[in-house]
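Input: a single structure, listed below in structure tokens.
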Amino acid sequence: MNETTSTGDIKKDLISLFRQNTGILESGSGQVLNRYREQAFHDFDRLGIPTTRTEAYRYTPLEKYLQGNYDVELNANPFEINLKQVFKCDIPEMDTHVVLVLNGFFYSLSQAEPLPAGVVVCGLNEASVKFPKLFHDHYARYADTSADGLVALNTLFAQDGVFIYVPADTLVYKPIQIINLSHSFKNLRITRRNLVVAEENSQVNIVMCDHTLCNQQYLTNSLTEVVTGKSAVVDYNRMQNENTQSIHINNLFVHQEEYSRFTGNSISLHGGLIRNNFYATLAGPYSETNLYGLFLCDDKQHVANYVLVNHAAPHCTSNQLFKGILDDNATGSFNGKILVQKDAQKTLAYQKNNNILLSSTARMNTKPHLEIYADDVKCSHGATVGQLDMDAMFYLRSRGIGEKEARHLLMYAFANDIVGKISIPILKDRIIELVDKRLRGELSRCNNCDIRCG
Amino acid sequence: MLQIKDLHVSISGKEILKGINLNVKAGEVHAIMGPNGSGKSTLAAALAGREIFEITQGSVTYMGENLLDMNPENRARKGLFLGFQYPVEIPGVSIVNFMKTAINEHRKFKGLEPISASDFLKMMRDKKELVGLTTNLANRSVNEGFSGGEKKRNEIFQMAMLEPLLAILDETDSGLDIDALKTVANGVNMLRRTDNATIIITHYQRLLEYIVPDYVHVLYKGRIVKSSGKELALELEEKGYDWIKDEA
């Protein structure tokens, strides 16, 4: 465990942290992970932490949140207690392969049934040694360190996370559930790196949940690269439920080959600051990307979703739908871009962001935009920020439904647009329940978790 | 049942109703007619408790209580029902959930337990039949994607479900073809009892051929300028509203 001494200059602190610990980092990591550190170092040194002067981060004042002292774990900490006893997912009937990740390090895998032949689910570091060819082909190939300081920072400190490999023509029938847990006795800086490779004509459903097990402050920089091979189908359901002091920066890079389909559904229930960056590149024709997101925030929480869908091939389809409900002094932002390249003819690309402000002090910034270089495409974008529909409120109340219940019905209906798209029925029911509780102002922590986070 | 005395109602500072007087007793059907913009819908919405309408003067007593002191939900729970001229579409709220919530809020108000799932389904089925609503309501959001006729039938269906004491039907007939009009009227007639009352707000006499009113009132420029028996409706149909305007 190393402590960072804060000098007030985050970039300087991180650079010196890296310099002091390069040896430890590199000796504990596979060669492929180390190969990208030098470039990442230069990029981070040049870019630093994005400020509000960076267009993509204009409405997310990161500097304000990133101050403070955090410990860093440079080795997987052998944990004294049995994590499986401390944490039990409360949807046991979901029947998934469960991967536990502790403070960014792979901890365990429990298979619901033997994984199909050839499927690999293990720690990223372990995989980088075992599968050099796959890592050579895919690791850090999609997450461009030269464009975003936080991507560079993740690559700089990346040591572990989860690796999933689904070989061609293979269907992983049960979902793979990755549960990211944060547990420590001090504030902690966590770096997590995942790689998912779904080869031609394969299919996999990934559920990723974030939980904090302690009431410490966690600063997580998480990055996932997903390669969706030709005709592959990947579902990625994300549940963010962390304590209100935690800061979570989450990057997702999806690379899609022809005829593939990727569906991402992110539900942000709880967290101090959540920043989600989604990058999808439709590299092969006839591929499809669906990105959905719902965030519910109150108090002083901040949730920001940034999306860049890059149509690089013709005949592709993309859908973006992000919805937010903000109360109290919560702030949120949506910054979504559809980029249609010159040769990406016959593109269908849609983007929508709807938000409800429940208080006069909540704020939402939204910026949907299109950049189109092809001439035969169909694209749309739009955003709304408003209050609950007063006509609908009156209609419900005129039938005897109390004001509070009427508000709840309307908020729930608003949120259900996203939740309804979750592809695993049991997970959907559970999330419906969580969203319902969250909207009623009840704690949304999972029932079986003993820690009162949030 | 309902006594309206010298009711003045404004919206954004503009006075719409300028002293309405009306008495409705249990068992009666009143028709309120009048040209466009005379204040008919304002009266309906103000009685239901729509907050954008400001009551500047007058009183409304409903079942011996001051109606104007109650919020919209309590008015409804005490048996007041407004059939909307333009029923609101509420995407994402299923009709089943909506009606179940409403029924249970009414029951809670009366100190009753929530309705059982099987009783509720049976009730839905019976009332749908009563009002001739053939739309399959399962998995449908409130009024979303409904045709004009379906929306109006859905209003009468909700009325049948909630069994109000005083129903105010705001232009329920507008936009209905003759068959739909008959079913809607039939539903209203079936729900008529000696202990409830209906106020029908309409522009045309047509609906009154099927729901026979005890009284017809003509509202013009925010005042009731003429009240009479059902024959007044026929006279209005024949002569239009101009003679009333002249008289007023």
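Report whether or not A:ASP389 is at pLDDT below 95, surrounded by fewer than 19 Cβ atoms within 10 Å (Cβ to Cβ) and within 13 Å of another protein chain (Cβ to nearest Cβ). Judged against the criteria, A:ASP389 is a match.
All told, A:TYR350 falls short of being in a helix (DSSP H, G or I) and surrounded by 16 or more Cβ atoms within 10 Å (Cβ to Cβ). Filtering segment B:106-129 for residues that are in a helix (DSSP H, G or I), closer than 18 Å to A:ALA406 by Cβ, within 13 Å of another protein chain (Cβ to nearest Cβ) and touching a Phe, Trp or Tyr at 6+ places or on another chain (Cβ under 8 Å) leaves an empty set. Scanning segment B:150-160 for any residue that is more than 21 Å from B:PRO72 (Cα to Cα), among the small types (Gly, Ala, Ser) and in contact with a helix residue (DSSP H, G or I) (Cβ under 7 Å, 6 or more places away or on another chain) turns up nothing. Residues of segment B:45-71 that are over 23 Å from A:TYR395 (Cβ atoms) and in contact with a helix residue (DSSP H, G or I) (Cβ under 9 Å, 6 or more places away or on another chain): B:GLY58, B:SER59, B:THR61. Does segment B:63-73 contain at least one residue that is closer than 27 Å to B:LYS151 by Cα and among the small types (Gly, Ala, Ser)? Within segment B:63-73, none of the residues are closer than 27 Å to B:LYS151 by Cα and among the small types (Gly, Ala, Ser). The condition of being at pLDDT 95 or above, in the same structural domain as A:VAL197 (by TED's automatic domain parsing) and part of a loop (DSSP other than H, G, I, E, B) holds for A:ALA168.
Total residues in segment A:216-235 satisfying the condition of being in a strand (DSSP E or B) and crowded, with 22+ Cβ neighbours inside 10 Å: the figure is 11. Given the options B:SER94, B:SER38, B:SER12, name the one that is within 14 Å of chain A (Cβ to nearest Cβ), of a type in the set (Ser, Thr, Tyr) and farther than 20 Å from B:PRO164 by Cβ. Exactly one residue qualifies, and that residue is B:SER94. In this structure, B:ILE103 does satisfy being within 26 Å of B:TYR62 (Cα to Cα) and buried (at least 19 other Cβ atoms within 10 Å of the Cβ).
Within segment B:197-213, the presence of a residue that is charged (D, E, K, R) and closer than 24 Å to B:TYR62 by Cα is excluded. Looking across segment A:353-375, the residues that are farther than 22 Å from A:LEU321 by Cα and surrounded by fewer than 16 Cβ atoms within 10 Å (Cβ to Cβ) come down to A:SER359, A:SER360, A:THR361, A:TYR373, A:ASP375. Among the residues making up segment B:63-90, a single one is within 9 Å of chain A (Cβ to nearest Cβ) and among the small types (Gly, Ala, Ser): B:ALA76.
In a residue-by-residue description of segment B:162-180, the property of being touching a helix residue (DSSP H, G or I) at 6+ places or on another chain (Cβ under 8 Å), assigned to a helix (DSSP H, G or I) and modelled with pLDDT of 90 or more applies to at least one position. Just checking, does segment A:409-421 include any residue being over 18 Å from B:MET99 (Cβ atoms), in contact (Cβ under 8 Å) with a residue 24 or more places away in the chain, assigned to a helix (DSSP H, G or I) and at the interface with chain B (Cβ under 7 Å from one of its Cβ atoms)? Yes.
The values are calculated or read from the model by the stated rules, or taken from the named source; none is laboratory data. Quantities reported herein were computed from a predicted structural model and do not represent experimental measurements. Note that each Cβ is placed from the backbone with ideal geometry, even for glycine, and that neighbours are counted across all protein chains shown.
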